[in-house]
Amino acid sequence: MAEVTSNHFVAHLAEATAEVEARLRQWASGCEECSWARDDNNRAALYFARAESRTTRQMQSLLRTLTSRWGLPLGKLEAGWLQALTADEYRAAVSAARAAESAEPHADAEPPQNAEHTIVPRHHASPCTEAAAQRAYGAGTVLFSFSPDFDRRAREMYESLLVAQTAH
């Protein structure tokens, strides 16, 4: 019997270090969507949607292999630390994380400068996809932060655009 595949996952990473979080955020920025959340006990969860379907076992293997190659072990993980989600379960979980994050802050607290939660749709806006994106994500999506290597990637794309323009 074949294992069930999915495009949507959540990785419960317990007490992920800042280094693990930074590398996983960078990796997840290449996914269709990604979201990072921490609960009141500082336990981390990475929600991500990928273009290709994989089994839970394949995604666990991929994440363990990547973090091992980066020299950043995931540490002690609970059984079932990575779960496949349906698209509806994914949307509900991300919405719940958003709601928890946007809970009213204490009166004396400063507003957050860089929220923990980022949704990054990986589509290019066009009349067709923009309407689909509005149905899927609502009226708009707010990015609270850029990926760690945004400046480098933007500079590389800009330079390649300049080279392409001079070639024509």
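No lab work stands behind these numbers, since they all come straight from the coordinates. Computed from a predicted structure; not experimentally measured. FYI the Cβ positions are ideal-geometry reconstructions off the backbone, even for glycines, and counts take in every protein chain you see.
Calculate the FRET efficiency for S95 and R43 from the Cβ-Cβ distance with a Förster distance of 22 Å, rounded to the nearest 0.05.
On the way: r = 19 Å, r/R0 = 0.85.
Here the calculated transfer efficiency is 0.70.
Quickly work out the R155-to-E32 label distance, labels modelled 7 Å from Cα along the C-beta direction, and quote it in nm with one decimal.
Taking the simple label geometry, E32 and R155 are separated by 3.3 nm.
How long is the gain from W70 to R57 if the chain were fully straight, where each residue apart is worth 0.36 nm and the alpha carbon distance is subtracted?
2.7 nm
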